[in-house]
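Since the structure comes first, as structure tokens, the remarks are kept for the end.
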Amino acid sequence: MQKTYGLPALLSLFVPGLGQLIKGQILKAFLIWAVGGVLSFFLAWTLVVPFVIWAWNVYDAYNDPA
């Protein structure tokens, strides 16, 4: 059975990458901030790309084992 993480997912709803950071995945949190921030900045007009990045971030914080 796969372990899930409710608190990291909840935190990632509000601050992308924070869930990964509190799980100890420092590199992944930094990449979410850097790559996700740059892509969202340049592709914000699409509204789809920032939403997909945000949704993947929450999903990853909930399902990915620490």
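The numbers here are math on the coordinates, done by the rules we state, and not lab data. Fair warning: this is a prediction, and the values are worked out from it, not measured in the lab. Positions of Cβ are backbone-derived with ideal geometry, glycine not excepted, and every protein chain shown enters the neighbour counts.
The residue pairs whose first member lies in segment 47-66 and is within 15 Å of LEU7 (Cβ to Cβ), whose second member is among the basic types (Lys, Arg) and part of a helix (DSSP H, G or I), and whose beta carbons are closer than 6 Å, counting only pairs six or more residues apart or on different chains, do not exist in this structure. Residues that are part of a helix (DSSP H, G or I), in contact with a Pro (Cβ under 8 Å, 6 or more places away or on another chain) and surrounded by 14 or more Cβ atoms within 10 Å (Cβ to Cβ) within segment 41-57 comprise ILE53, TRP54, ASN57, listed in sequence order. Would you say LEU11 is surrounded by 11 or more Cβ atoms within 10 Å (Cβ to Cβ), free of Cβ contacts under 8 Å to residues at least 24 places away in the same chain and not small (Gly, Ala, Ser)? Spelling it out, it is not the case that LEU11 is surrounded by 11 or more Cβ atoms within 10 Å (Cβ to Cβ), free of Cβ contacts under 8 Å to residues at least 24 places away in the same chain and not small (Gly, Ala, Ser).
Do you know which residues across segment 12-26 are in contact with a helix residue (DSSP H, G or I) (Cβ under 9 Å, 6 or more places away or on another chain) and assigned to a helix (DSSP H, G or I)? Passing the criteria: SER12, LEU13, LEU18, GLY19, GLN20, LEU21, ILE22, ILE26.
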